[in-house]
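Just below is one structure, and these are the notes that go with it.
The values are calculated or read from the model by the stated rules, or taken from the named source; none is laboratory data. Source: prediction; values computed, not measured. Positions of Cβ are backbone-derived with ideal geometry, glycine not excepted, and every protein chain shown enters the neighbour counts.
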Amino acid sequence: MAKPKVAFYWCASCGGCEEAVVDLAEDLLKVVDAVDIVLWPVALDFKRKDVEAMKDGAIAVSFINGAVRTEEQEEMVKLLRKKSGLVVAFGSCAHIGGIPGLANFWDRETIFERVYKDVPSVRNPEGIYPQQKTKVDGVELTLPEFYDTVYTLDQVINVDYYLPGCAPPPDLIMNAVTAILEGKLPDKGSVLAPDKSLCDTCPRKDSKPEKLSIKAIRRPHEVIADPEKCFLEEGIICLGPATRSGCGERCINANMPCRGCFGPTKGVRDQGAKMVSAIASILGVEDEDKVTEEEVESLVKQIDDPAGLFYMYSLPASMLRRKRMG
Amino acid sequence: MADDGAARQLDKEILSPKPGIQSPAEGGGDFQPRIVGFLCNWCSYAGADLAGVTRLKMPPSMVAIRVMCSSRVDPLFVLKAFLAGADGVLVAGCHPGDCHYQTGNYYTRRRFALTLKVLEELGLEANRVRLSWVSASEGGRFAEVVTEFTETIRKAGPNPAKTEVFL
Ligand code: SF4
Ligand code: SF4
Ligand code: FES
């Protein structure tokens, strides 16, 4: 029997998800044995025309990492969708927008201005910006359009499964690959990770008091966090309450609070909004009846850039999707 | 959250045209603000009712949604209201200390303050959301709040969040 064809593709991402595949170590050899890789730009020399030449549905599964922010990425993922039986959104950026999704606090114009003009290491007195079409010596050169907004993969094409994480951990990748090879997949649209919150599986959860109340917010670089205590108890904002478990508590074990890369659990539509509720429920609860409106405001003011923090990985997947530019 | 009952009710109410409220596109000419008001059952909803029964004058700009307590108002409801086309969102509950569930509105207060900061960062003007305390006996105050807020929104103009962000 012919081996199932598999494609890996990357869009707006950092390359960490490619690294995650390599991180499978010896397991990678098992995967390579079992499948026929037909596209993997980072490692193999297949081209777009090779994919175009295939029959629709010829690829068993495409693992696509990265968010969609250019015309070229849009075209490629639409092409892969057509040629693939299954599409797996691989990693935070494809799943919920990820770090590239923070660009949704700006738009093309403000990003170009910053990157090609204002950055101190750039000298661009004529204000030259990338153009979609440029004539050089009578030849027209083209670049794909750079969109105002970063999109999650499922905002552009239908996605069958999601592998969350920045980057997805090897055990979840292997579970997913095994499930696909054995045809033992859960319902379409599932996130291939446990449906529990990170706090549920966190090694520090027992240190979390029944009733939490914090007055002072601290940022991770301002204090040395107690390696045993729940971050929230120390006033360090941790996105554990609004984040799906399954990463192996990587950040927590490195004594850093969670930043939400796994996205929310199943029932939660908007990770950031959930975090607003979670923090509001513990901020200055003691003697709340004596607190004035002004004091409430100054409590809240301590949180620097709450939108950027609560939506660190999930802004494109949020209800609003992006900032509305004035 | 997406299939939350209150959110569904909101979808239905705001998407169905209200007699007396016309958007400019419908030929109403001037901008008529549309406000979604989340009113707690025990105080503010009763206050709104009293304003009605007393026949107090106020602009017909608000769609009222009754919630059991102001603390029921998830930030998601506010976001959803804006996306569904509301130009302003009012959250109203019992005065601090008077919440039917003792401390619900203290929670509302903190959550509201934080929601406001997040909304501002996402490009929605802070004056489009308002938190007010209105007791069951304050029909007059309720009418005042709605009138004032409608004027604020009229000045602010149509809400920019309505613009869809799709590829
Ligand atoms: S808030 Fe963070 S540190 Fe505390 S229990 Fe949850 S995941 Fe663990
Ligand atoms: S602790 Fe949070 S941010 Fe860190 S890897 Fe896990 S889910 Fe991602
Ligand atoms: S019942 Fe009115 S605010 Fe809680």
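Observations on the model:
- The number of residues in region A:246-261 that are away from ligand 1 (no atom under 11 Å from the Cβ) and touching a Phe, Trp or Tyr at 6+ places or on another chain (Cβ under 8 Å) comes to 2.
- Contact annotation: residue pairs with Cβ atoms under 9 Å, 6 or more positions apart or on different chains, pairing a residue in region B:96-116 that is more than 7 Å from chain A (Cβ to nearest Cβ) and under 12 Å from B:CYS69 (Cα atoms) with a partner that is part of a helix (DSSP H, G or I) and within 16 Å of ligand 1 (Cβ to nearest atom), are B:THR108/A:ALA280.
- The single residue among A:ASP287, A:ASP270 that is of a type in the set (D, E, K, R), within 21 Å of A:PRO209 (Cβ to Cβ) and either without any contact (Cβ under 8 Å) to a residue 40 or more places away in the chain or surrounded by 20 or more Cβ atoms within 10 Å (Cβ to Cβ) (or both) turns out to be A:ASP287.
- Qualifying residue in region A:252-264 (condition: in the same structural domain as A:CYS202 (by TED's automatic domain parsing) and more than 16 Å from ligand 2 (Cβ to nearest atom)): no
- Residue ID - nearest to A:PRO164 (Cα to Cα), chosen from residues in region A:267-303 that are more than 10 Å from chain B (Cβ to nearest Cβ) and in contact with a Ser or Thr (Cβ under 9 Å, 6 or more places away or on another chain): A:GLN271
- Residue under evaluation B:LEU56, criteria (1) over 29 Å from B:THR163 (Cα atoms); (2) outside any helix (DSSP H, G or I); (3) within 16 Å of ligand 3 (Cβ to nearest atom), criterion not met: (3)
- Residues within region B:67-87 that are within 9 Å of another protein chain (Cβ to nearest Cβ) and among the acidic types (Asp, Glu), tallied: 1
- A count restricted to region B:141-166 and to residues that are touching a helix residue (DSSP H, G or I) at 6+ places or on another chain (Cβ under 7 Å) and β-branched (Val, Ile, Thr) stands at 2.
- In region B:59-96, of all residues being outside any loop (DSSP other than H, G, I, E, B) and among the hydroxyl-bearing types (Ser, Thr, Tyr), the one that is nearest to ligand 1 (Cβ to nearest atom) corresponds to B:SER71.
- Residue tally, condition crowded, with 21+ Cβ neighbours inside 10 Å and touching a Gly at 6+ places or on another chain (Cβ under 6 Å), over region A:51-90: 2
- Enumerated strands (runs of 3 or more DSSP E) restricted to region A:59-165, each holding at least 3 residues that are in contact with a Leu (Cβ under 7 Å, 6 or more places away or on another chain) and not assigned by TED's automatic domain parsing to the domain that holds A:PRO264: A:59-65, A:84-90, A:161-163
- When region A:304-326 is limited to residues that are at the interface with another protein chain (Cβ under 8 Å from one of its Cβ atoms) and assigned to a helix (DSSP H, G or I), the one that is farthest from B:ARG109 (Cα to Cα) turns out to be A:GLY308.
- Within region B:37-55, the set of residues being of a type in the set (A, V, I, L, M) and either within 19 Å of B:GLN102 (Cα to Cα) or surrounded by 17 or more Cβ atoms within 10 Å (Cβ to Cβ) (or both) comprises B:LEU39, B:ALA46, B:ALA48, B:LEU50, B:ALA51.
- Qualifying residue in region A:204-223 (condition: more than 16 Å from ligand 3 (Cβ to nearest atom), at positive phi and not hydrophobic (A, V, I, L, M, F, W, C)): no
- Among the residues making up region A:280-296, those that are closer than 17 Å to B:GLN102 by Cβ and more than 36 Å from the chain's Cα centre (by Cα) are A:ASP287, A:GLU288, A:ASP289, A:LYS290, A:VAL291.
- Considering region A:225-251, the residues that are within 8 Å of ligand 2 (Cβ to nearest atom) and part of a helix (DSSP H, G or I) include one that is nearest to the other protein chains (Cβ to nearest Cβ), namely A:GLY240.
- The sole residue among A:LYS205, A:LYS211 that is over 25 Å from the mean Cα position of the chain (by Cα) and surrounded by fewer than 19 Cβ atoms within 10 Å (Cβ to Cβ) is A:LYS211.
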